[in-house]
Structures are given as structure tokens and as C-alpha cells.
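I have placed the structure first, in the form of C-alpha cells, so that the comments after it can refer back to it.
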Amino acid sequence: METVPERMKWWVEARFGMFIHWGLYSILGRGEWVMHCERIPKGEYALLAKKFRPRRFDARNWVKLAKDAGMRYMVLTTRHHDGFCLWDSEVSDFTSAKTAAKRDFVAEYVEACRRAGMRIGFYYSLLDWRWPAYWNGPEKDPKGWEEFREYVHAQVRELMTKYGKIDILWYDGAWPHSPEAWRSDQLNAMVRSLQPEIIINNRSGLPEDLDTPEQHIQGSSRPWEACMTIDDLWWGYHPGDPNLKSPMQLVRNLVRCVAGNGNFLLNVGPMPDGTIPAAQATRLRAVGRWLRANGESIYGAGSAPFGQAHLGQVTAKGNIAYVHVMFWPGREMCVAGIKNKVLGARMLATGKKLPFEQKRDRLFVRGLPSKAPDPIDTVVAIELEGRPEVAPASFWE
Ligand code: GLC
């Protein structure tokens, strides 16, 4: 695994988190950008707050689902681009605490996470569509911008002081303004002074702790986390999008992240009543079932020096290489390029030992069933002498 600061070790080991987009836009059910896409006037949009009374919201159910899915941290939209705060902000009236719901959902979420030993993340959008200064920018409207920036800084301070220890601050929406305009360096220095252990993403315009490729998996030499929707495009509740990813796609995306030393932050979009749609929950639980049998190859694991594109992906931890067989080869498989002496091979899910033969840089694992035992991803664990090392190819000799 990559070297990371001590305070990030848990995060690298965790590998899998739950992203939650939930707010007033969930009522309309056309995604979290609906205010912008449909150009809903600010005043008209604000009326949604009168209808936001999520009677079935229970943060413990979200946390339970995340646990069942094998997720080790959560990131909740405390405020998205529409400006509606899910906590009792002192610098805004547009909050769930001051409108119909009369509840501080962030407090409830934090409490539920903490009780269950779940790591806590806050998503916070710097931009707020309701502020003209955001649109005008600091050059055109320096005074308005300053006021807006102060509001943003004040909200971040609230989030960093009102709820005890927070594990992740997940910024979004710095665009199109520069980190200088946001004074992101000051902002993050304040955050770190209040929360010395916190992990901060790169979306305040400064690199900070991690890269955040969106809707695609792209490795980098720094810590990174691919965030992805469970359906095609939208993060907020959008029942009109029928294209949900299958458990197979979800597991394989998670594996691809880990094989590239990255994390996977998978999003759910709860309904206006506060519950997570059954179709999303079912898929998450299926991922959890796979993880219960194969988690050893994910948690605390990272990339291996030899890929096996003909079979799928490889992750590694300590002296074990985990071959994630997604393209089943039949009764025998060839794993190429291992320099170490191989000590053993087993099916990860069952523990069944497998016969093998090592011929220079080629390893043959035998005694496999003709069909994939787990079509999602069957993991074969290969125990090595020492940490995995790649052997030079010998096939042209
Ligand atoms: C984008 C979108 C936003 C979503 C986020 C998640 O920045 O604007 O709706 O919250 O990505 O990565």
C-alpha cells in the first residue's frame, strides 16, 4: 500500500464508503441539479422547505445499510448547491432546523454514525446558487463576494465545531472561482486547527489529501477516491433513471479502485421521506454479501505489481496476491509474472486449497470448477514468499 500520513491510514484501509445526496431536491425527484436545470426561481424553490418533513428518516437505518454493504465510512451532503442546510446553521434561515422539518439531520446522522463506529464525512458545497455574488464573482462584486465568502467560511466553521470529531471534509463546487478567491488556504488551515485528524478532499481548489475522480476510475500517485452514482447520472433521488448498476458492476468497480490503490465512494439518493429506495438498498446488500466472503482482498489491500488482464484484476496485501477472476478460464488458470516462490493457493470464499505448479514466471492453478463459483468475482488467494514482486517476461526466449 502507498505511504500516507498516519491520520489517513484508516481511510486507506477502509476502501469503501457511502455517499449520500439528500435535500430539498429529493422532493422533486429529478436529481440534485433540478433548481439549476429547470431554472426554478429562488423563492419558488424555497417553498419546498415547507414540504420537507421526512417522517421516515432514521439515520440509524442509513448507517445500518452502509454496514450491511461493507462500507466503512459515510459522506453526507450537509449542504448542496441549492443552499439548503441539513443542519442548524446560524448564518442561514434556509435550514432543515428552521423550516418544516424542525430537525438537525446532520446531528442525527453524526450521532448514528458515532454509535455504530462508522467514520463520519461531511460533503459541503462552496457554491450556493442563491447568492448573486457567486454568479457575479469577486471582480464584479467584491463586497458581495466578501460577504458570501464569509458565509461559506462561517458554515464550515460551524460544521467543524458543532459535531465533535469529523473524519472527512468533502468539498465541492469551487468552480469557476480560484482557491485564492475562496481563500481556501485560510479555510483549510482553520479546518485543520479545529479538526487536526481530518481528511480533506481536493475540491476547494487545493490538492489537500485526496483526488476525487467523478463517475470514472482513474488512479493517481496520490491517495484517490472514485465517487460514482448507483444509477446513470444523478446523485439526488431520480426515480426516472432506470439504469441502476448491478451488484456485479458495483463489486467490479470497487475491485478496480483497490487494484489501483484507490477508494470507492458509492452514492445513494434517499427519497424525500428519508428512506433509501429498495432497488438501491438491495444492490448494496448484495455487494455486502460478496464482501463478507471476500473482504480480505479489499480492506487494507492495494495494488499488485503484476496485473492479470486475461483473468480480471489483482489486489495485494502483505505476502498475498488476490486474483479477482472476472473472466473465468475453466479448470485451470495461468497467473503470469510472479517472481516470488509460491507457497499456496486457495479459494478465498471457501478456503479450499488448490493444487498449483510454478514454472519460472508462470503459475498454474488447477482443480478449479469448470464454471465460475461466483460470477461476480471469484477470488483466488495466492500466498507468496515475501511481498509480491514482478518477474521479467520469458515468453520470447
Ligand atoms: C458534482 C455535482 C454534484 C455532485 C458531485 C459529486 O460536482 O455538481 O451534483 O454532488 O459532483 O461528486
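The values are calculated or read from the model by the stated rules, or taken from the named source; none is laboratory data. Owing to the predicted nature of the structure, the values given are computational and were not obtained by experimental measurement. Note: ideal-geometry Cβ built from the backbone for every residue, glycine included; neighbour counts use all protein chains shown. Areas reflect the complete protein model, heavy atoms only, side chains present, ligands, DNA and RNA absent. Shrake-Rupley method; radii C 1.70, N 1.55, O 1.52, S 1.80 Å.
Over segment 347-397, what is the mean sequence separation of C-alpha contacts under 8 Å (at least six apart), divided by residue count, expressed as relative contact order in percent? Working shown, then result.
Numbers: 32 pairs, mean separation 18.9, N = 51.
After rounding, I find 37 percent.
Counting only C-alpha contacts under 8 Å and six or more residues apart, can you give the relative contact order of segment 232-301 as a whole percent?
Numbers: 43 pairs, mean separation 24.6, N = 70.
Over segment 232-301, the number comes to 35 percent.
Under the rule a/c < 1.5 gives rounded, and otherwise a/b versus b/c splits prolate from oblate, where does segment 199-342 land using the Cα gyration tensor? Kindly include the intermediate steps, with their values, before the conclusion.
Details: a/c = 2.41, a/b = 1.44, b/c = 1.67.
Oblate shape, in that a/c is at least 1.5 and b/c is the bigger or equal ratio.
Using a Förster distance of 35 Å, how high is the FRET efficiency between GLU150 and ALA107, based on the Cβ-Cβ distance and rounded to 0.05?
Values: r = 24 Å, r/R0 = 0.68.
Once the sixth-power term is evaluated, E becomes 0.90.
State whether segment 98-230 is rounded, prolate or oblate according to the following rule on the C-alpha gyration tensor (a ≥ b ≥ c being the square roots of its eigenvalues): a/c under 1.5 gives rounded; otherwise a/b larger than b/c gives prolate, and the remaining case gives oblate. Numbers along the way, then the final one.
Values: a/c = 1.63, a/b = 1.17, b/c = 1.39.
Oblate.
With θ taken as phi - 60° and the coefficients 6.51, -1.76 and 1.60, list the Karplus ³J(HN,Hα) couplings across segment 255-260 in order, rounded to whole Hz; mark glycine and proline as x.
Each residue of segment 255-260 in turn: 5, 4, 5, 5, 5, x Hz.
For the chain, the longest stretch holding no chymotrypsin sites (Phe, Trp or Tyr not before Pro) located in a DSSP loop with at most 12 other Cβ atoms within 10 Å is which? Intermediate results must be reported in sequence, preceding the final value.
On the way: sites that count: PHE327, PHE395, TRP396.
Looking at the chain, 1-326 is the longest stretch - no exposed chymotrypsin sites (Phe, Trp or Tyr not before Pro) with at most 12 other Cβ atoms within 10 Å.
Per residue, how many Å² of accessible area does the chain show with a 1.4 Å probe? Write down the numbers at each step before the final one.
Working: 16760 Å² over 397 residues.
On a per-residue basis, the chain sits at 42 Å².
Under 5 Å between amide hydrogens, which residues at least 5 positions from ASP211 or on another chain qualify, with H placed 1.01 Å from N in the peptide plane?
Sorted by chain and number, the residues that satisfy this are TRP224, GLU225.
Once fully extended, how much extra length lies between LYS341 and GLU6, figured as 0.36 nm per residue of separation less the alpha-carbon to alpha-carbon distance?
Working: separation 335, 0.36 × 335 = 120.60 nm, distance 3.19 nm.
Net length gain for the segment: 117.4 nm.
I'd like the trypsin sites (Lys or Arg not before Pro) in segment 5-61 restricted to DSSP loop residues with at most 11 other Cβ atoms within 10 Å, sorted by number. Can you show the working numbers first?
Working: sites: ARG7, LYS9, ARG15, ARG30, ARG39, LYS42, LYS50, LYS51, ARG55, ARG56, ARG60; in loops: ARG15, ARG30, ARG39, ARG55, ARG56.
Here the sparse-neighbourhood loop sites are ARG39, ARG55, ARG56.
Using the Cα atoms as the points, what is the convex hull volume per residue of segment 304-384 in Å³? Before the final figure, lay out each step's value.
Values: hull volume 6.5 nm³, N = 81.
Residue-normalised Cα hull volume stands at 80 Å³.
Under unit Cβ charges (Lys, Arg +1; Asp, Glu -1), what dipole magnitude, rounded to 20 debye, does segment 6-297 have relative to its Cα centre? Kindly include the intermediate steps, with their values, before the conclusion.
On the way: 40 positive and 36 negative charges, 231 e Å.
Its charge dipole is roughly 1100 debye.
At 1.4 Å probe size, with the rest of the protein present, what percent of the exposed accessible area of segment 112-194 is carbon and sulfur atoms?
Carbon with sulfur: 51 percent of the solvent-accessible area.
Amide H of THR95 versus every other amide H placed in the peptide plane: which residues, excluding those fewer than 5 positions away on the same chain, fall under 5 Å?
Amide H neighbours of THR95, under 5 Å, 5+ apart: CYS85.
When the dipole is taken about the Cα centre of segment 304-384, and only Lys, Arg (+1) and Asp, Glu (-1) are charged at their Cβ, what size is it in debye, to the nearest 20? Please list the in-between numbers first.
Values: 12 positive and 6 negative charges, 54 e Å.
Using only the charged Cβ atoms, the result is roughly 260 debye.
Can you compute the helix-only [θ] at 222 nm over the chain? Use -39500 (n - 2.57) per DSSP H run of at least 4 residues, normalise by all residues, nearest 500 deg cm²/dmol. Mind dumping the intermediate values first?
Details: 13 runs with 119 residues, N = 397.
One gets -8500 deg cm²/dmol as the mean residue ellipticity at 222 nm.
Give the residue list of GluC sites (Glu not before Pro) in segment 303-386 that are DSSP loop and have at most 16 other beta-carbon atoms within 10 angstrom.
Values: sites: GLU332, GLU357, GLU383, GLU385; in loops: GLU332, GLU385.
Passing sites in segment 303-386 are GLU332, GLU385.
Need one word for the chain: rounded, prolate or oblate. Basis is the Cα gyration tensor (sqrt eigenvalues a ≥ b ≥ c); a/c below 1.5 gives rounded, then a/b vs b/c decides.
Details: a/c = 2.48, a/b = 1.92, b/c = 1.29.
Note, shape of the chain comes out prolate.
Just list whichever of LYS64/LYS352; LYS51/LYS102; LYS67/LYS317; LYS51/LYS98; LYS50/LYS98 have alpha carbons separated by over 20 Å in the model shown. Display every interim value, and only then the final one.
Numbers: LYS64/LYS352 31 Å; LYS51/LYS102 12 Å; LYS67/LYS317 22 Å; LYS51/LYS98 13 Å; LYS50/LYS98 10 Å.
Violating the 20 Å limit, Cα to Cα: LYS64/LYS352; LYS67/LYS317.
List the relative contact order of segment 164-268 as a percent without decimals, with contacts defined as Cα pairs under 8 Å and 6+ residues apart. Spell out each step's value before the answer.
Details: 146 pairs, mean separation 22.8, N = 105.
The normalised contact order for segment 164-268 reaches 22 percent.
Identify, among PRO305, PHE364, ALA316, the residue whose Cα sits farthest towards the positive end of the charge dipole of segment 304-384, taking +1 on the Cβ of Lys and Arg and -1 on the Cβ of Asp and Glu, with the dipole about the Cα centre.
Going by the charge dipole, the pick is PHE364.
Please give the length that would be gained between ARG115 and ALA100 if that part of the chain were fully extended, namely 0.36 nm times their separation in residues minus their C-alpha to C-alpha distance (nm, one decimal). Provide the component values of the computation, followed by the final result.
Details: separation 15, 0.36 × 15 = 5.40 nm, distance 2.70 nm.
In short, 2.7 nm is gained.
Calculate what fraction, in whole %, of the accessible area of segment 258-391 sits on carbon and sulfur atoms when a 1.4 Å probe is rolled over the protein chains. Please list the in-between numbers first.
Values: 2900 of 5430 Å².
For segment 258-391, the apolar C and S fraction of the accessible surface comes to 53 percent.
Could you give the length gained by full extension between ARG387 and ALA279, i.e. 0.36 nm per residue of separation minus their alpha carbon distance, to one decimal place? Working shown, then result.
Numbers: separation 108, 0.36 × 108 = 38.88 nm, distance 4.06 nm.
This chain segment gains 34.8 nm when fully extended.
Can you send over the carbon and sulfur percentage of the accessible area for segment 11-96, probe radius 1.4 Å, protein chains only?
Heavy-atom surface of segment 11-96 belonging to carbon and sulfur, 1.4 Å probe: 46 percent.
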